1. Can you report the principal axis dimensions of chain A using only the alpha carbons, biggest first, rounded to whole angstrom?
2. Of A:LYS87/B:LYS99; A:LYS87/B:LYS5; A:LYS21/B:LYS99, which sit over 22 Å apart, Cα to Cα?
3. Using mean Cβ contacts within 10 Å as the protection proxy, how do A:78-86, B:54-62 order, highest first?
4. Rounded to the nearest 10 Å², what accessible area does B:PHE94 show when all protein chains are kept and the probe is 1.4 Å?
5. Nm distances between the label at B:VAL74 and the same-position labels in the remaining copies, 7 Å along Cα→Cβ, shortest first?
6. What are the distances, in nm and sorted shortest first, from the label point of B:ALA93 to the label points of the same position in each other copy, with each label point placed 7 Å from Cα along the Cα-to-Cβ direction?
7. Give the calculated FRET efficiency between B:LYS65 and A:GLN54 to the nearest 0.05, with a Förster radius of 41 Å applied to their Cβ-Cβ distance.
8. What do you get for Rg/Rh over the protein assembly as shown if you use C-alpha atoms and the Kirkwood form of Rh?
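The values are calculated or read from the model by the stated rules, or taken from the named source; none is laboratory data. As the structure is a prediction and not an experimental result, all values here were calculated from the model. Backbone-built Cβ (ideal geometry, glycine too); neighbour counts: all protein chains shown. Keep in mind that these areas ignore ligands, DNA and RNA; they rest on the heavy atoms of the full protein, side chains included. Shrake-Rupley method; radii C 1.70, N 1.55, O 1.52, S 1.80 Å.
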Protein chains: 2
Amino acid sequence: MGTTKSAVFSEEINDLALLFKALGHPARIAIIQFLRAQETCICNDLVNELPLAQPTISQHLKELKNAGIIQGNVSGTSLCYCLNQDKIKELDAFLASLKYDQSPTCC
Amino acid sequence: MGTTKSAVFSEEINDLALLFKALGHPARIAIIQFLRAQETCICNDLVNELPLAQPTISQHLKELKNAGIIQGNVSGTSLCYCLNQDKIKELDAFLASLKYDQSPTCC
DNA sequence: TTCTTATATCGTAATATTGCAATGTAGCAA
DNA sequence: TTGCTACATTGCAATATTACGATATAAGAA
């Protein structure tokens, strides 16, 4: 055990869970927020911005990239990352699907 | 190590990360979707619905509850859980804050 | 009281995640 | 060439998560 039983769930559910999981870490939220604040892409100003070591930040960037939440382009010696709006819309659509008009009777 | 360095991030960021983390598991997405589909609250029909053992489901419910994403009320022998729309709105607001009007220049 | 039903909790094995030092690599400047 | 800058990768220790069998607990039925 220790392994998530992904095989028993639909692909749609697993995809959503991976997206949420990628955002389920404060460093990665901070990265996303910084990316958003810059409007344009950035590289490892993050190393100066966040109180984490460079390998740790690189690892978090990799996970966000694997999840498809950010995209990166090489530009000379540095790497330029930015948000992928499509994935954010996917999450948004899921959250929207959870909304009720009325509150249920029990809670 | 192995521990997330929460102390170095703002409370707002940590809270968001905890919410996303709670949704970062397929079983918990499935639970949320089932809750939504029922409109009204349910108990452990989840045990019949999901291919997971009862203690496992109970544990996932606990985590969703800890995160504040679901709420529960005792009603006789069974427990009635339902979604907490406020938390969903929090996540929604964060995602909305990530949107650009224009695509950045690099990606 | 005893039984059943619905749930929570404990304990534990398997595995995943986090964080970082050390090290690698690739581009550019001198 | 040497050296620097901006990353990525490797390896490892500490810790967290996942899943579940076994075992509680609490309410209601018989």
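1. That works out to 56, 37, 24 Å along the principal axes.
2. Details: A:LYS87/B:LYS99 11 Å; A:LYS87/B:LYS5 26 Å; A:LYS21/B:LYS99 20 Å.
Result: A:LYS87/B:LYS5 exceed 22 Å.
3. Values: A:78-86: 17.3, B:54-62: 14.8.
Packing proxy ranking, top to bottom: A:78-86, B:54-62.
4. Approximately 10 Å² of B:PHE94 is accessible to the 1.4 Å probe.
5. Ordered by increasing distance: 6.2 nm.
6. 2.6
7. Working: r = 37 Å, r/R0 = 0.91.
Step by step, r from the Cβ atoms, then E = 0.65.
8. Details: Rg = 18.4 Å, Rh = 18.4 Å.
The Rg/Rh ratio comes out at 1.00.
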